[in-house]
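Read the structure below first, then the notes.
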Amino acid sequence: MHDHWAITKAKLMSLEDVLGQINSWKLADDKIVFTNGCFDVLHLGHVTYLAKAASLGTRLVVALNTDESVRSLNKAPNRPIHDEEARQCVVAGLGFVDAVLLFHETTPLATIEAILPDVLVKGADYDAKERDKSSAKYIVGSDIVLKNGGKVETIDLVIGHSTTRILSK
């Protein structure tokens, strides 16, 4: 019998834990995929996006903005709806997610620099070819991942499914 809650909780890691786990995965020739976001009110668009991201490699690492980081992005005055621990547990509950960690900054740049994933993924509202760091379409950390021999990919968003749209209902 599996303890699914324990399995889910074990996916909640610090950056140090993730780095140790990635070393083991890389020894097994696993391909590390990294993405990040708030993932505040998990919906079909999020699940589709994360499943497709996981399909780009062997292991999916998801970095979540802390509550303070979400507030600093000024998404809306009442965001995040769910606190960081709840958001972490919900994302970790997805079977194709291997690790979930928090980052405190407004961008995951330092986390990406530490992890150096094989594949960096964002939604198609970003542009994998954009190199101008001041552009809203620029994917933070893409230069580092590419310089390290990795790939940068985007995934089409599911039209009609966004947290903003859900909250406006």
- Query: Quick one: Gly141 ticks every box in (1) surrounded by fewer than 16 Cβ atoms within 10 Å (Cβ to Cβ); (2) over 12 Å from the mean Cα position of the chain (by Cα) bar one, so which box is it?
  - Reply: (1)
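Table: residues versus (1) within 17 Å of Tyr126 (Cα to Cα); (2) not in a helix (DSSP H, G or I).
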{"position": "Asn23", "(1), (2)": "no, no"}
{"position": "Lys26", "(1), (2)": "no, no"}
{"position": "Asp30", "(1), (2)": "no, yes"}
{"position": "Phe34", "(1), (2)": "yes, yes"}
{"position": "Leu42", "(1), (2)": "no, yes"}
{"position": "Val47", "(1), (2)": "no, no"}
{"position": "Ala51", "(1), (2)": "no, no"}
{"position": "Leu60", "(1), (2)": "no, yes"}
- Residue among Val100, Val121 that is within 19 Å of Lys9 (Cβ to Cβ) and either surrounded by 14 or more Cβ atoms within 10 Å (Cβ to Cβ) or among the hydrophobic types (A, V, I, L, M, F, W, C) (or both): Val100
- Task: For residues that are touching a helix residue (DSSP H, G or I) at 6+ places or on another chain (Cβ under 8 Å) and in a helix (DSSP H, G or I), scanning just segment 2-12, find the one that is surrounded by the most Cβ atoms within 10 Å (Cβ to Cβ).
- Result: Thr8
- Message: Here is a check on your reading of the model: is Ala114 assigned to a loop (DSSP other than H, G, I, E, B), aliphatic (A, V, I, L, M) and either loosely packed, with under 13 Cβ neighbours inside 10 Å or modelled with pLDDT of 95 or more (or both)?
- Response: no
- Considering only segment 13-41, how many residues are surrounded by 17 or more Cβ atoms within 10 Å (Cβ to Cβ) and either in contact with a Lys or Arg (Cβ under 7 Å, 6 or more places away or on another chain) or under 22 Å from Glu84 (Cα atoms) (or both)? 14
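The values are calculated or read from the model by the stated rules, or taken from the named source; none is laboratory data. Given the structure is predicted, the values throughout are model-derived calculations rather than measurements. Backbone-built Cβ (ideal geometry, glycine too); neighbour counts: all protein chains shown.
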